[in-house]
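Here the structure comes first, spelled out in C-alpha cells, and everything after it is commentary.
What follows draws every value from the coordinates through simple rules; no lab data is involved. The structure displayed is predicted, hence computed values, not measured ones. Quick reminder, even Gly has a Cβ in these numbers, built from the backbone with ideal geometry, and neighbours come from all protein chains shown.
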C-alpha cells in the first residue's frame with residue numbers, strides 16, 4: 001500500500017491526514033526559487049522607488065523576507081543532514097526549528113517597520129488636511 005492509498009484508507013475511517021512536505025524544494029530548485037525571488041524583489045524595489053508606491057515597497061520588503069527565509073531554510077536543510085555526534089546527540093535537526101524562528105522574527109520586524117512608516121505618512125497627510133478646514137478657508141477669505 002503506497003502513501004496515497006494509506007491516506008485514502010485513513011480518510012475512510014474518518015481521519016484526515018495532512019502532510020506538509022517540501023522534499024521537492026531542495027538543491028537546484030531551491031536555488032532557482034531564491035534567484036527568482038531576488039529578481040522580483042529588485043524589480044518591485046525599483047518600481048516602488050520610481051513611483052513612490054508604498055504598496056510596491058512593502059511587497060518588495062515582503063519578497064526580500066521570502067528571500068531571507070528561503071536562504072535560511074536552505075542553510076538549515078544542509079545543516080540538518082549532518083549526522084549526530086557524541087556532543088550533538090540529536091544532530092542538527094533543530095536547525096530547521098531555528099530557521100523557522102528566524103523567518104517569523106523577520107516578518108514581525110518588517111511588519112512593525114511598515115506600520116511605523118504608514119503611521120508617519122498618515123499623520124503627515126492629516127496635517128495637510130487640517131490646513132484646509134472650512135474655518136481656515138473662511139478666515140483667510142475675510143482677511
inquiry  = Using Cα-Cα distances under 8 Å and only pairs 6 or more residues apart, what relative contact order does segment 26-131 have, in percent?
reply    = 21 percent
key: Estimated FRET transfer efficiency when R0 is 22 angstrom, pair residue 43-residue 108 (beta carbons, to 0.05)   = 0.30
ask   = For residue 118 and residue 53, what is the calculated FRET efficiency with R₀ set at 22 Å and r taken between the beta-carbons, to the nearest 0.05?
value = 0.95
ask   = How many nm separate the modelled label positions at residue 28 and residue 82, each set 7 Å beyond the Cα in the direction of the Cβ?
value = 2.7 nm
task = Please say if segment 26-131 is rounded, prolate or oblate, where rounded means a/c under 1.5 for a ≥ b ≥ c the square roots of the C-alpha gyration tensor eigenvalues, and otherwise the choice is prolate for a/b larger than b/c and oblate otherwise?
result = oblate
